């Protein structure tokens, strides 16, 4: 990588050796991006694309940001070079495929939800306790049940029962 940088006439300003595979927190990468945003760097050189982005979406987002900031990006092993017109075109195509992937996933999720609903599955969280307000009041006034007993009988939380029975409700 140093030889490549020298051939391009680049001076190595920051060198990052990060070996934490699959790490969620990547402080060295975050520091590098901060330096980019402060305009301390002109280009980023990586060994492989998978060393930069943990997912296609992450890769596309950061490549887009780098392009907007006018920062070059080169991946040696994939011969991916955003400092050239061809490399920028490749980045654009990657973005198109990432968008396509997101849309396909979204369609699949919507289709799955529609299928579940058509099979009678109820989706979302539990029915709101507010829908049981009249039952709560009735059990409290007419049957003289405690708030805990009402909550158990209706399958809702005691705090929901207390909230429904507050004078302002």
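The values are calculated or read from the model by the stated rules, or taken from the named source; none is laboratory data. Fair warning: this is a prediction, and the values are worked out from it, not measured in the lab. No Cβ is skipped: glycine too gets one built from the backbone with ideal geometry, and neighbour counts run over all protein chains shown.
The selection criterion, being at pLDDT 90 or above, farther than 23 Å from residue 55 by Cβ, out of contact with any strand residue (DSSP E or B) (no Cβ under 6 Å at 6 or more places or on another chain) and outside any helix (DSSP H, G or I), holds for residue 145. Residues that are exposed (fewer than 10 other Cβ atoms within 10 Å of the Cβ) and in contact with a helix residue (DSSP H, G or I) (Cβ under 7 Å, 6 or more places away or on another chain) within segment 67-124 comprise just one, 123. The condition of being in contact with a strand residue (DSSP E or B) (Cβ under 6 Å, 6 or more places away or on another chain) and surrounded by 13 or more Cβ atoms within 10 Å (Cβ to Cβ) holds for only one of 46, 36, that being 46.
Taking every residue in segment 19-32 that is within 18 Å of residue 56 (Cα to Cα) and outside the structural domain of residue 53 (by TED's automatic domain parsing) and pairing it with any residue that is at pLDDT below 75 and assigned to a loop (DSSP other than H, G, I, E, B), at least 6 positions away or on another chain, yields no pair with a Cβ-Cβ distance below 9 Å. When the criteria are applied in full, residue 57 fails the requirement of being outside any loop (DSSP other than H, G, I, E, B) and either within 22 Å of residue 1 (Cα to Cα) or in contact with a strand residue (DSSP E or B) (Cβ under 7 Å, 6 or more places away or on another chain) (or both).
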